[in-house]
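A short worksheet on the structure shown next.
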Amino acid sequence: MIEISPSALEQWCNDYLKANEFKDYCPNGLQVDAAVPIKKIITGVTATQNLIDAAIEHQADAVLVHHGYFWKGESEPLTGMKGKRIRTLFQNNLSLLAYHLPLDAHPVVGNNAVLANLLDLKIIGALYPEEKYPVGNIAQCDPISIDDFIDKVRVRLQRSPTHISANNRFISKVGICTGGAQDMIEQAAKMGCQLYLSGEISERTTHSARELGIDYLACGHHATEMGGIKALGEVIKNILGLEVTFIDDPNPA
Ligand SMILES: [Zn+2]
């Protein structure tokens, strides 16, 4: 059976995702090193206790996620919920790898790229044109009514999005950024999109949509970010030959 050291897996992922090119709110790469060779990996959106427990059940050696630990501004001591998660990882010889912005932005396995594909959108550029590795994108599609597009989201994401209408009846240019990127709506309007699509919605997003004249769809943070980590796991399975299983820890938000 093929195995790889935690640091070698980190190096491979860092290179593949160009992780060093990103300024992020968390460390990307190996966050918990159990110093045990990795044969089996469990992937998931967030490194929750549920996901760790499932990894133990599957006798995995590593957990690979989009949302790991050690976010800027969070309390540092390894106590409480975070302490328990990390204790569980070490006690079960499980390493943790996490990739945040590099996994949003990657042109093949990135969250935006995978979601765009799923919704028949073709990415044509960056929401912020000066970004070398854009975290938000502009995409186009054949003109489609907003109602038909919402139906497509509902079927393919298996989730009803929250729609704030600005009375655009047909769309062909769409701003897209998965997760909690609702505040990029203003930039999407500036770039001439008729629709902006992200994961979450804030109270202020409604007013922005109405006043900027751009429709908004909140499709779920979790729902819009399942694709990237799944796709990265597939690439690791195919290229490195490791055993990789995606596990969903469902989240309505
Ligand atoms: Zn996210």
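Nothing in this text is a laboratory measurement; each read-out follows from the coordinates by a stated rule. Keep in mind that what you see is a predicted model, and the values were worked out from it rather than measured. Heads up, the Cβs are rebuilt from the backbone with ideal geometry, glycines too, and the neighbour counts pull from every protein chain shown.
Structure notes:
- Given +1 at the Cβ of Lys and Arg, -1 at the Cβ of Asp and Glu and no other charges, the dipole of the chain around its Cα centre is 100 debye to the nearest 20.
- Cα gyration tensor shape for region 106-221, rounded if a/c is under 1.5, else prolate or oblate: rounded
- Ranked by the mean number of other Cβ atoms within 10 Å per residue, highest first, peptides 101-110, 119-128 order as 101-110, 119-128.
- Ignoring lysines fewer than eight residues from residue 237 along the same chain, the ones with Cα atoms less than 24 angstrom from its Cα are 18, 39, 40.
- Taking every DSSP bridge with both residues inside region 106-221, close to 65 percent are antiparallel.
- Beta bridges assigned by DSSP with both partners in the chain are antiparallel in approximately 45 percent of cases.
- Inter-label distance, nm, simple model (7 Å from Cα along the C-beta direction), residue 74/residue 124: 3.8 nm
- Distance from the C-alpha centroid of region 175-217 to that of region 87-142: 18 Å, rounded to the whole angstrom.
- For region 6-100: rounded, prolate or oblate by the Cα gyration tensor [a/c cutoff 1.5]: oblate
- Residue-wise HN-Hα coupling along region 125-141, computed from phi with Karplus coefficients 6.51, -1.76, 1.60 (Hz; x: Gly, Pro): x, 9, 5, 10, x, 7, 6, 6, 10, x, 8, x, 10, 10, 10, 10, 8
- DSSP bridge analysis restricted to region 6-100 gives an antiparallel fraction near 25%, rounded to the nearest 5.
- Principal-axis tilt of helix 203-212 within the chain, Cα atoms, nearest 10 degrees: 40 degrees
- When the Cα convex hull of the chain is projected onto planes of every orientation, the mean area is 13.3 nm².
- Ignoring aspartates and glutamates fewer than eight residues from residue 82 along the same chain, the ones with Cα atoms less than 12 angstrom from its Cα are 74.
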